[in-house]
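> I am attaching a structure below and will ask some questions about it afterwards.
All of the numbers you see were taken from the coordinates with simple rules; none came from a lab. In this text, all values refer to a predicted model and were calculated from it rather than measured experimentally. Glycine gets a Cβ as well: all are built from the backbone with ideal geometry, and neighbour counts include every protein chain shown.
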Amino acid sequence: MAKQPQETEKPTKEESPTLEVKDFVQAPKKSKPLPVLKRGEILISESDDEGKEVNHFVTNQATFDSFYSNNPKFSIKKK
């Protein structure tokens, strides 16, 4: 007699129930204070695709004019 292949049952994942949260309110995000600028430094603001400011960093005016002024994502926040 030929051996017949045994059928093995594949384990199925049990689905966990989805919890519904009503009246969900996001917690307010804590904002960091802007860095203190030294003489000759400017604060640059980087914006994402939606126009929200996502990053701040310090540089000087010459670097901004050379590199960042060509890209509309970067703007001067504070001199």
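> For a protection proxy built on the mean count of beta-carbon atoms within 10 angstrom, sort 18-27, 45-54, 31-40 highest first, please.
Top to bottom by mean Cβ count within 10 Å: 45-54, 31-40, 18-27.
> Ok, one more. From the Cα gyration tensor of region 18-73, with a ≥ b ≥ c the square roots of its eigenvalues, which class applies: rounded if a/c is under 1.5, or else prolate if a/b is larger than b/c, or else oblate?
oblate
> Another question, then. Mind checking the full-extension length gain between Ser75 and Val58? Use 0.36 nm per residue of separation minus the Cα-Cα distance, one decimal, nm.
Computed gain between Ser75 and Val58 is 5.0 nm.
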